[in-house]
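First comes the structure, then the notes that go with it.
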Amino acid sequence: MKNSIIICMGSSCFARGNREHLELIENYLHGNGIAAEITFSGCRCRDKCGCGPNIEINGNLHHELDTGTLLDLLEHYFSDALPSP
């Protein structure tokens, strides 16, 4: 299974932090040279507006993400995809 990230771009999630998370994820993927290995897309709404911002990573939906938690999740899910030092 290919690694994937789906970020909710619905107005509630976007206003609650996914505007910033979008840029953070793009910078993480490109900065670590793994953008080609991970499918990154957006969706309109996950119907979980009350617990947003919502981001799905490898089929797991994560709620109420802040920047620190999102970075931790990216490291958790994609550490094996990062190039060796």
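In the stretch 14-23, is there at least one residue being assigned to a helix (DSSP H, G or I), closer than 15 Å to L82 by Cβ and of a type in the set (D, E, K, R)? Within the stretch 14-23, none of the residues are assigned to a helix (DSSP H, G or I), closer than 15 Å to L82 by Cβ and of a type in the set (D, E, K, R). Can you find even one residue in the stretch 60-81 that is touching a Phe, Trp or Tyr at 6+ places or on another chain (Cβ under 6 Å) and surrounded by 13 or more Cβ atoms within 10 Å (Cβ to Cβ)? Within the stretch 60-81, one or more residues are touching a Phe, Trp or Tyr at 6+ places or on another chain (Cβ under 6 Å) and surrounded by 13 or more Cβ atoms within 10 Å (Cβ to Cβ). Selection over the stretch 53-85 of residues that are without any contact (Cβ under 8 Å) to a residue 40 or more places away in the chain and under 15 Å from I7 (Cα atoms) gives a count of 7. For beta carbons closer than 7 Å, sequence separation of 6+ or different chains, a first residue in the stretch 1-16 that is closer than 17 Å to H76 by Cβ and of a type in the set (K, R) and a second that is assigned to a helix (DSSP H, G or I) and modelled with pLDDT of 95 or more, there are no qualifying pairs. Selection of the stretch 30-85 for residues being among the hydroxyl-bearing types (S, T, Y), farther than 17 Å from C8 by Cα and not in a loop (DSSP other than H, G, I, E, B) yields Y77, S79.
The values are calculated or read from the model by the stated rules, or taken from the named source; none is laboratory data. None of the values given here were measured: they were computed from a predicted structure. When we count neighbours, we look across all protein chains shown, and the Cβ atoms used for this are built from the backbone with ideal geometry, even at glycine.
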